[in-house]
Amino acid sequence: MKNKILFILSLLCGLLFVNAGLNKIFDYIPVPDDMPEQAVKMFMAMMEITWLMPLLAAFEIIGGTLFIVPRFRAFGALILTPIMVGILAHHFTLNMGLPVPLIMAAVLIWVIIENRKKYLPLVRNHMNS
């Protein structure tokens with residue numbers, strides 16, 4: 001049962017990342033009218049760096065897709081973790097809605113904990129260097 005719940009949550013979370021990445025490329029979700037001014041300024045600044053949004057979109061699409069597939073979920077979690085940190089920082093500092101990002105972060109943390117044995121060789125190899 002736990003595996004089914006984790007799969008469903010990973011599927012939903014992965015699809016949210018894929019959707020966010022595709023939206024950065026195709027711009028199909030309208031910007032809300034009540035978007036905080038600081039958030040608009042930040043996105044405009046990010047758009048000035050022409051390579052940043054396509055790069056972020058690529059990582060969201062690839063990471064989200066890997067996150068959906070159980071065999072590659074641990075790798076997808078590694079790709080999505082820094083993006084999730086940025087999302088949380090963005091929502092905390094701009095006082096935007098936190099429930100969805102917090103749920104996504106919780107799912108990501110759950111996946112990381114469930115796959116901790118896969119990450120141990122990375123830590124052990126680094127510590128022995």
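The values are calculated or read from the model by the stated rules, or taken from the named source; none is laboratory data. Treat the numbers as computed from the prediction; the structure is a model and nothing was measured. So basically every Cβ, Gly included, is an ideal-geometry build from the backbone, and we count neighbours across all protein chains shown.
Annotations for the structure displayed:
- Restricting Phe59, Phe67 to residues that are closer than 17 Å to Asn23 by Cα, among the aromatic types (Phe, Trp, Tyr) and either in contact (Cβ under 8 Å) with a residue 12 or more places away in the chain or surrounded by 12 or more Cβ atoms within 10 Å (Cβ to Cβ) (or both) narrows the list to Phe59.
- Residue ID - nearest to Met42 (Cα to Cα), chosen from residues in segment 73-129 that are outside any helix (DSSP H, G or I) and modelled with pLDDT under 95: Leu94
- Selection within segment 23-53 - of a type in the set (A, V, I, L, M), part of a helix (DSSP H, G or I) and without any contact (Cβ under 8 Å) to a residue 40 or more places away in the chain: Ile25, Val40, Met44, Ala45, Met46, Met47, Leu52, Met53
- Filter result for the condition that a residue is under 10 Å from the mean Cα position of the chain (by Cα) and among the β-branched types (Val, Ile, Thr), over Ile49, Ile61: Ile61
- Neighbours by Cβ (under 8 Å, 6+ apart or cross-chain): first from segment 1-22, farther than 16 Å from Thr81 by Cβ; second crowded, with 16+ Cβ neighbours inside 10 Å and polar (S, T, N, Q): Val18/Thr65
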